[in-house]
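Asks: Have a look at this one before I ask anything.
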């Protein structure tokens with residue numbers, strides 16, 4: 001499972017170092033790399049085993065729903081296999097870097113079955129927005145239901 005967050009940099013070629021605690025999870029889940037795709041103005045990175053499960057679920061979705069066809073088209077169409085090099089870095093393709101506005105300062109955020117790659121500014125905004133959203137009844141009720 002991916003937990004915690006850590007600040008990193010992305011080099012001019014688009015490479016990022018994967019923290020050891022994330023690498024261990026990746027290696028125990030099918031390989032030496034991740035599938036990276038777009039979602040929520042950041043990048044989602046999945047170990048290969050988890051990615052195959054997601055593809056199976058997406059393939060079972062109805063093709064009659066235009067919204068689901070669009071989701072599948074973008075989510076799968078933008079996905080890229082990113083293998084770790086000898087320095088435990090992955091290369092993020094230019095189109096994915098552009099989507100998530102990754103320049104220099106980035107944050108890797110564990111989200112249990114996947115981790116997210118954020119540009120630092122948008123990540124800070126996301127955290128602030130959650131602080132405001134917690135005050136909304138719908139979210140606070142969901143959090144209460146978790147027993148937190």
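Asks: Can you find a residue in the stretch 127-146 that is farther than 30 Å from residue 29 by Cα and at pLDDT 90 or above?
Replies: No: zero hits.
Asks: Same structure again: Inside the stretch 1-86, counting only helices (runs of 4 or more DSSP H) that do not spill past its ends, which hold 2 or more residues that are in contact (Cβ under 8 Å) with a residue 24 or more places away in the chain, crowded, with 19+ Cβ neighbours inside 10 Å and touching a strand residue (DSSP E or B) at 6+ places or on another chain (Cβ under 7 Å)?
Replies: 20-28
Asks: Then there is this: Suppose the filter is in a helix (DSSP H, G or I) and crowded, with 18+ Cβ neighbours inside 10 Å; does residue 96 pass it?
Replies: When the stated conditions are applied, residue 96 passes them.
Asks: Inspect the stretch 104-117 for any residue being outside any strand (DSSP E or B), touching a strand residue (DSSP E or B) at 6+ places or on another chain (Cβ under 6 Å) and either surrounded by fewer than 13 Cβ atoms within 10 Å (Cβ to Cβ) or free of Cβ contacts under 8 Å to residues at least 40 places away in the same chain (or both) and give the result as yes or no.
Replies: Checked against the condition, which is being outside any strand (DSSP E or B), touching a strand residue (DSSP E or B) at 6+ places or on another chain (Cβ under 6 Å) and either surrounded by fewer than 13 Cβ atoms within 10 Å (Cβ to Cβ) or free of Cβ contacts under 8 Å to residues at least 40 places away in the same chain (or both), the stretch 104-117 yields at least one hit.
Asks: If residue 89 satisfies every condition in (1) touching a helix residue (DSSP H, G or I) at 6+ places or on another chain (Cβ under 9 Å); (2) touching a residue at least 60 places away in the same chain (Cβ under 8 Å); (3) under 20 Å from residue 28 (Cβ atoms) but one, which is the exception?
Replies: (1)
The values are calculated or read from the model by the stated rules, or taken from the named source; none is laboratory data. In this text, all values refer to a predicted model and were calculated from it rather than measured experimentally. Quick reminder, even Gly has a Cβ in these numbers, built from the backbone with ideal geometry, and neighbours come from all protein chains shown.
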